[in-house]
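Read the structure below first, then the notes.
The values are calculated or read from the model by the stated rules, or taken from the named source; none is laboratory data. Since the structure is predicted, the reported quantities are computational estimates derived from the model, not experimental observations. Don't worry about glycine lacking a Cβ; one is built from the backbone with ideal geometry, like all the others, and counts go over all protein chains shown.
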Amino acid sequence: MTEEEIYQKLTDLFCKTFKRDGIVVTADTSAADIPEWTSLTYMNLVFEIEQTFGFTVKLKDMMSWQRVGDMVQTINRKVNGN
Amino acid sequence: MRQFITKIVLFVIVAVVLGAALDWAITTGLHHRTDYVQEVWNDVMDSTVAPDLVVLGNCVAAHDHNPQILDSILGTDSYVFAMSNLTFPYHYFMWNMLRKYHTHDPKLVVLALDYSDMSYREAKTNMENEQFLALMCDRDARRFLRQYGGYSWLDAYVPCYRYFGHHKRIKYGIYNFLGLKRYAGTPEHYKGYQGLDCPYNGHDEWFDGDFEQPIEQPVVAMLDTFLMDCNKSGVEVLMVLPPIVYELSDRVVNEAEVYRVYDSLASAHRFECVHYVAPHWLSMDTNHFESPNHLNKQMSDVYTTYLAHYIATHYSL
Amino acid sequence: MAINSLSFLVLIVAVFVLYYIVPSLLGHVQFKQWSTYQNIVLLLASYFFYAYTDLLMLPLLLVVTVVFYFIGIGIERHEDHPLADRLLLLGIVLGVGMLVYFKYTNFFIQSFANLLNCCGLHTSWHSLRIIVPLGISFFTFRLVSYVIEVHRGMMSASRDILAFATYVAFFPCMLSGPIDRPNVFIPQLGSRRQFQYPVATDGLRQILWGLFKKMVVADGLAQYVDLYLGGGSVAASGSTTIVVALAYTFQIYADFSGYSDMAIGVGKLLGLKVAKNFNYPFFALNIADFWRRWHMSLTTWVTDYVFTPLCFTFRKNRQWGMIAAIVINFLIVGLWHGASWNYVIYGLYHGLLFVPLILMGKMGVADEVQTNRLGLPRLKDFGRMLLTFVLVVFGMLIFRCTTVGQFTHELSTLRHGLFTFPDIGAAVNWLFVVAMLMVEWLHRRRDHGLDLSDMRSTPLRWGIYLLIILVVFLNGGETTGFIYQVF
């Protein structure tokens, strides 16, 4: 799976969990950019990521996510093994 | 950094100057206040009274000696200068303050003592400690209160420090100073005397254990000096042990020892020491008392009459 | 040694001289270790401060500091190895275990004995005489936070035991917090702290504001609150109970935020950024917002180390998982204060208040309060603020009642005389409460209530300082300890 594909899928997930269309997801997107981003929706997002990409997120990984770029890095590692 | 420290120092100077002004206002204002303890001190420091007979002592002196009776029987002018719950060093302090502010020496000093008088007490934690706050403007008072009263140099020299937390004193002082509202009240005393018009309140739990009173040698020496001074300046001293309820006397293990100190010092200076404590009949009935140490109003009159007649027969005033 | 005492002033002046003035006088001396020197000054002052208050427990503090220092290094050395997890567990068990042992043993003994009594079994169990070390709730949380952050890789383990020990024992925050985070605080100790005039003066202003809140507002209300809630037998009418609950809420806020302001101010004076602890909580628009503004160093602590992991664990259960997480989270917040049923109920109460917010999806960051032309909150927002405040006041009543019996008693007073004129105590105290609220409302976007850094006129600023000092002098002096000092 290419990084582009990951971003594409993430954009869909973001729109779905935050219940808003037209969210643009870039590497620098963070909680501050999305008003709907709360602790609950964030947990839902993590759950959706696990379902979509088919792996279990570790707490330690999740804690290190400061922006979407960090998220993508973890997904990339888990899915593509690099 | 230099700017910071300079500004801090400047600020502290401004604060201290303003504090000193406030302190002066409160102290001056309190001087106009006429509640009991403050008014007695005002009478001392304003030199407004010049009695021939002075009663010194703690609260026992204040509640047992009625100057009205002394004056009428002896045809003299008497006054009770007392400080509650304090011991001989304070009586001596009062005496020194009297002599500082009055050129007129009394002819007779009635020194009312009890079993506790040869010990130290701290004025700062005393129940009537507020009387000392305004007093701190006097250099000798300051020295004495720092030495014996538990007050620190902060109380003595930092403006307003000693008033901190004494909300009522501050309020009365400022109001009186500004003349906004006179906290004068009705005088609660007559020439330092306060009669107590209540039934006996001595509870059993007051008497549940024996106790020993310390006899501090420096205090004994102080009493010795006092008597010597009086002798030199031709002031007569009559030491009295006013009535104390017998059930309290019984609890003081070394009562006799304390009284022996008084007796021996009195005779050494050729003064008298008269005992009204148990087994004197005045001390043997709880109905005579308001509390274990204080006679009630009626009996204080009886006792004062008794004492006045004793003075009349032994001294010429 | 209370932070508002004269002895503390002497300590802080001594520290200031050694910390800044000695290095600046010896400025020509090329000494690379000035930061170490400053840390030694801080550490000695901290241990002196702790020993002055609680000499017996100083050895305990020293031992746990050393133990956690090595646990931190161990965790880092065995990164991504099961041993690191085990060491983390050891750290957490040690830290929490200490807290449980010192604060909760008697509660457990008593509760079990009561339980058995209910079943008709009589025990001869006695509560143990355990002396609770001062500040234990605060320093154990600092230690636990440290091992977790190292384990999460958010910071590298400290190799400077001096800096680490200073973090654990930093004297202004020792007895009542704020609970600083190691990844923020320890790096500040790594370099020489230069004196900064604006920061230091702002620290002094914050200390003055803290003094006002503590010595005038909190201490002024203390006597009145104690009269009715101190376990005495003074009967209160329903209206009085309501006013007393209000008074207690203002008292605890003024007391604790006053302490925090002073601690943060002292930190600023020493060039150290101490965690913010209060952000004008009475202007919160809902309970979630309130907890983001009240005792913030504790709430962020539990959010990061309890709530988030729990949410993460329960993530499959969506909002119900979150509700479970928040209730457990607030039970821990309650229990942190001490082992007593009132704290458990207090925690539970606040946890349950979150349920509607979660179900409505309104737990997120609340909006700014909308104001009208007069600078006052709009009616709708005022309503939300008021509702939040009322819920908080009720919670404070639970918090203050030491037994369930006392709480039900307080509630039962509400049945009588709800519409009689209440005993409000000394009116002047309410004047100070209003003054505090007004100043904080106007300065609600600033760092603290007395942030006057943009006021140009020196005479005006000095006038304000002198006025506050005068008010403290006229109304202070009823010495009472800090409420949070016992936690």
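List of remarks:
- Within region C:128-148, tally of residues that are farther than 22 Å from C:G334 by Cα and at pLDDT below 80: 2
- Matching residues, region C:1-58, being among the β-branched types (V, I, T), in a loop (DSSP other than H, G, I, E, B) and either at pLDDT 90 or above or in contact with a helix residue (DSSP H, G or I) (Cβ under 6 Å, 6 or more places away or on another chain) (or both): C:I3
- C:F307 being assigned to a helix (DSSP H, G or I), within 14 Å of chain A (Cβ to nearest Cβ), free of Cβ contacts under 8 Å to residues at least 12 places away in the same chain and in contact with a helix residue (DSSP H, G or I) (Cβ under 6 Å, 6 or more places away or on another chain): no
- Matching residues in region C:146-160 - criterion: being within 14 Å of chain A (Cβ to nearest Cβ) and of a type in the set (K, R): C:R152
- Residues in region B:259-292 that are polar (S, T, N, Q) and in a helix (DSSP H, G or I): B:S264, B:S267, B:S283, B:T286, B:N287.
- Among all residues of region B:133-153, there is none that is in a helix (DSSP H, G or I), crowded, with 20+ Cβ neighbours inside 10 Å and within 14 Å of chain C (Cβ to nearest Cβ).
- Restricting the search to helices (runs of 4 or more DSSP H) fully inside chain A and requiring at least 3 residues that are within 18 Å of C:D304 (Cβ to Cβ) gives A:39-53, A:59-64.
- Residue pairs whose Cβ atoms lie under 6 Å apart, separated by 6 or more positions or on different chains, with the first residue in region B:1-12 and at the interface with chain C (Cβ under 8 Å from one of its Cβ atoms) and the second outside any helix (DSSP H, G or I), are B:M1/C:F195.
- For region B:156-169, the set of residues classified as surrounded by 15 or more Cβ atoms within 10 Å (Cβ to Cβ) and out of contact with any Gly (no Cβ under 9 Å at 6 or more places or on another chain) consists of B:A156, B:R162, B:R169, listed by residue number.
A quick yes/no check of all residues on (1) part of a helix (DSSP H, G or I); (2) in contact with a helix residue (DSSP H, G or I) (Cβ under 8 Å, 6 or more places away or on another chain); (3) closer than 17 Å to C:L208 by Cβ:
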residue	(1), (2), (3)
C:F394	yes, yes, no
C:L411	yes, no, no
C:F432	yes, yes, yes
C:L437	yes, yes, no
C:I469	yes, yes, yes
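- None of C:V67, C:V10 is within 14 Å of chain B (Cβ to nearest Cβ), out of contact with any Gly (no Cβ under 7 Å at 6 or more places or on another chain) and among the hydrophobic types (A, V, I, L, M, F, W, C) except C:V10.
- Number of residues in region C:225-243 that are touching a helix residue (DSSP H, G or I) at 6+ places or on another chain (Cβ under 6 Å) and crowded, with 16+ Cβ neighbours inside 10 Å equals 6.
- Filter pass, C:L87 being in a helix (DSSP H, G or I) and touching a helix residue (DSSP H, G or I) at 6+ places or on another chain (Cβ under 6 Å): yes
- Selected residue (criterion: farthest from the other protein chains (Cβ to nearest Cβ)) from residues of region C:332-347 that are closer than 15 Å to C:M396 by Cα, under 19 Å from the mean Cα position of the chain (by Cα) and assigned to a helix (DSSP H, G or I): C:N342
- Candidates C:I424, C:I468, filtered to the one that is within 14 Å of chain B (Cβ to nearest Cβ) and aliphatic (A, V, I, L, M): C:I468
- Screening the candidates C:F432, C:F419, C:F407 for the property of being within 15 Å of C:Y248 (Cα to Cα) and more than 14 Å from chain B (Cβ to nearest Cβ) yields one hit, C:F407.
- Any chance B:M118 is more than 20 Å from B:F226 (Cα to Cα) and in contact with a Ser or Thr (Cβ under 8 Å, 6 or more places away or on another chain): no
- One residue alone among C:S257, C:S237 is small (G, A, S) and modelled with pLDDT of 95 or more, and that residue is C:S257.
- Of the set (1) within 14 Å of another protein chain (Cβ to nearest Cβ); (2) of a type outside the set (A, V, I, L, M, F, W, C); (3) under 13 Å from the mean Cα position of the chain (by Cα), all apply to A:E5 but (1).
- In the set (1) over 23 Å from C:T249 (Cα atoms); (2) not in a loop (DSSP other than H, G, I, E, B), C:T388 fails one condition alone, (1).
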